[in-house]
Amino acid sequence: MKSDDEIKKENPELYKVAREGGTEAPFTSELLKVKDDGSFACAVCGQKLFMSDAKFDSGTGWPSFDKAIEGSVKEIIDDSFGMHRTETVCSNCGSHLGHVFNDGPTNTGKRYCMNGVCLEFNKEDK
Ligand SMILES: [Zn+2]
């Protein structure tokens, strides 16, 4: 696993989001366009977090998913900025990923609103 210093040097944007809880600018993630089959892994430690069939277009400008791979994403109540939200972090390395909301359009009712910079797409054949 990469150290904080390594992340900071290789990818300052990832450091800002994953280690300092920042948020990337909307509509900037390359992953918004991804429609291939595969999985999305934590950009820091490589743990698989989401499968491509859970991805949907939320219109928010951030990659969104209706379901996380079981046990891969930890939820933490976040009352910062005067809002009541649920923060999501990688269960393996603790990197900040984004937030999860209960207004998803599919039958899971969940909307995982992720920072694309924290995710790495791995294409897989079905
Ligand atoms: Zn991780």
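No lab work stands behind these numbers, since they all come straight from the coordinates. If you're wondering where the values come from, they're calculated on a predicted model, not measured in any experiment. Backbone-built Cβ (ideal geometry, glycine too); neighbour counts: all protein chains shown.
Details
- From 72, 80, 3, 91, residue being in contact with a Phe, Trp or Tyr (Cβ under 9 Å, 6 or more places away or on another chain) and either small (Gly, Ala, Ser) or surrounded by fewer than 17 Cβ atoms within 10 Å (Cβ to Cβ) (or both): 72
Residue-by-condition table, conditions (1) in contact with a strand residue (DSSP E or B) (Cβ under 7 Å, 6 or more places away or on another chain); (2) of a type in the set (S, T, N, Q):
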| residue | (1), (2) |
| --- | --- |
| 12 | no, no |
| 46 | no, no |
| 51 | yes, no |
| 62 | yes, no |
| 90 | yes, no |
| 108 | no, yes |
| 122 | yes, yes |
